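Notes follow once the structure below has been shown.
Coordinate-derived values only; no laboratory data. Keep in mind that what you see is a predicted model, and the values were worked out from it rather than measured. Neighbour counts run over all protein chains shown; Cβ positions are idealised from the backbone, glycine included.
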Amino acid sequence: MTAKAKPPLETYYAGAYWGARKESPEECARRTAEFLTLLAPSDPFLSQWYLPTRSSRESREHPLIPPDVPTLTEQFRLGANREKGGPVIERLGFGFWFGNGGRDYDRASLRIYCGSYSEAGSNSCVLTLPTLGRSPNAERVLTASVLTEVVRGMALAWEPDWAVAMSHAHRDLEDEKGKADILLGWVTYLSRQRGTVPPLPAPVRIEPVEDRGSLIILTPERFTVANPEHIALARRVRELLARAGLMRTAGADPRG
């Protein structure tokens, strides 16, 4: 008898996204330091970060915890967009990538783009998370409680338009036509500037983030695309949010 093929691993990430906002390398560094400070209590796996180097062994010689704003500022300056051999293109902002010292499937990394105020540009902070089934830390990190605190920290530090924690498979399903203005994931943050979150069906939970916006947690158990009830719930919640004017329905044409 031929063995059944194992389903592909469902990998997860968290990301915060915002539009044009002119900020200096120092301001980007300050926000990064605040985020790392807020991130650390969520789980020990997310409490150690290191400067990027040629090898993981070398990287552990250059910790970023506790956050050092001058060091982070210099990294953002080094990550400025520029023409080859030319001056910095200030309007395109600054980029910085670094990790937690893990390897292969048992690691986390942060990729930050900050300070862009170009109409064609965007700003983001994206956290790549360990892989279930291949990381001894993933089972503990990929929970509603930890990811809620991760997204909350993103909301407080970066003041984004929106933020989300979800699997890549759910992202591809949610935005299969590449037209979604906002992704609705396992945990989603919406800025209050987008409007008021309406009542949502159980087991969805809504939590305020100070006076800045709201967190929407779809389910206390791990959200997976393999569960049809999870997908149905996400689609129902998105419809309700679209009716309230907080986002478009999945696959809608942005031109209306």
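Using each residue's phi in the range 11-19, evaluate 6.51 cos²θ - 1.76 cosθ + 1.60 at θ = phi - 60° and report the 3J(HN,Hα) Karplus result to the nearest Hz, with x for Gly and Pro.
Rounded to whole hertz, the list is 9, 10, 8, 9, x, 10, 9, 8, x.
Multiply the residue gap between Glu119 and Ala244 by 0.36 nm, knock off their C-alpha separation, and tell me the result in nm, one decimal place.
Stretched out fully, the Glu119 to Ala244 stretch lengthens by 42.3 nm.
What is the set of long-range amide H partners of Asp161 at a cut-off below 5 Å, with H atoms built 1.01 Å from backbone N?
Tyr17, Trp18, Gly19
Comparing Val187, Val204, Val126, which has the greatest mean-square fluctuation in the GNM of the chain with Cα pairs linked when under 10 Å apart?
Looking only at Val187, Val204, Val126, the biggest GNM fluctuation is shown by Val204.
Please report, in whole Å³, the volume per residue of the convex hull around the C-alpha atoms of the range 5-149.
Spread over its residues, the Cα hull of the range 5-149 gives 146 Å³ apiece.
Any chance you could check the Cα centroid distance between the range 199-226 and the range 88-146 for me, in angstrom?
22
Could you work out the local net charge near Phe94, counting Lys and Arg as +1, Asp and Glu as -1, over the other residues with Cβ closer than 14 Å to its Cβ?
Once all neighbours under 14 Å are counted, the net charge is +3.
Could you please report the charge total around Pro228, scoring K, R as +1 and D, E as -1 over all other residues with beta-carbon less than 13 angstrom from its beta-carbon?
Counting the neighbours of Pro228, the net charge comes to +1.
Name the most mobile residue of Pro41, Pro25, Pro67, meaning the one with the largest mean-square fluctuation, in a Gaussian network model of the chain with Cα contacts below 10 Å.
Maximum fluctuation in the GNM of the chain, among the listed residues, is at Pro41.
Using only the alpha-carbon atoms of the chain, report the extent along each of the three principal axes, biggest first, to the nearest angstrom.
51, 50, 35 Å, listed from the longest principal axis down.
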